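Comments concern the structure below.
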Amino acid sequence: MATIAVRTRKSRKSEGIAYSELSLRQNASILEYCRTSMSALSGATAGILGLTGLWGFIFYFITALMLSVALLMKAGTRWNAYFMTRSVLFSNGLLGGLFTYVLFWTFLYGMVHVY
């Protein structure tokens, strides 16, 4: 991930941190790629395991939470050098990943358990 926090001199409490627009977009793109890949893998897993109904959606949110925690651990204590807020790690691409999850979930469930 690209570092986006730039300090030109010793900053005071009243001074803000300058963030690079290019690095913000690159980090958001990396998060989106990770979330989409994890959604596809967890959807395929849920389909193969035969999860249905509410259990399938619970499985998605558990895997999404695990991914967010893993990304937060990867960023470490200097998460503010990569992201403006910590909530970006937990909410960025969550709904878009759900659509990918449902696609793979229903496809693999149908292939394994129906046909």
In Å and from the alpha-carbon atoms only, list the Rg and Dmax of the range 45-84. 14.3, 41
Give me the angle, in degrees from 0 to 90, between the Cα long axis of helix 21-49 and the longest principal axis of the Cα atoms of the chain, rounded to the nearest 10. 20
Three principal axis extents, largest first, for the C-alpha atoms of the range 38-115, in Å? 49, 18, 17
Using the crude model of +1 on Lys and Arg Cβ and -1 on Asp and Glu Cβ, and no other charge, please compute the dipole size for the chain relative to its Cα centre, in debye to 20. 740
Tell me which residues come under 5 Å, amide H to amide H, from ASN92 once H is placed; ignore anything under 5 positions away on its chain. none
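Quick note: the coordinates plus some simple rules give every number you see, no bench work behind them. In this text, all values refer to a predicted model and were calculated from it rather than measured experimentally. Here Cβ is always computed from backbone atoms with ideal geometry, including for glycine, and neighbour counts include all displayed protein chains.
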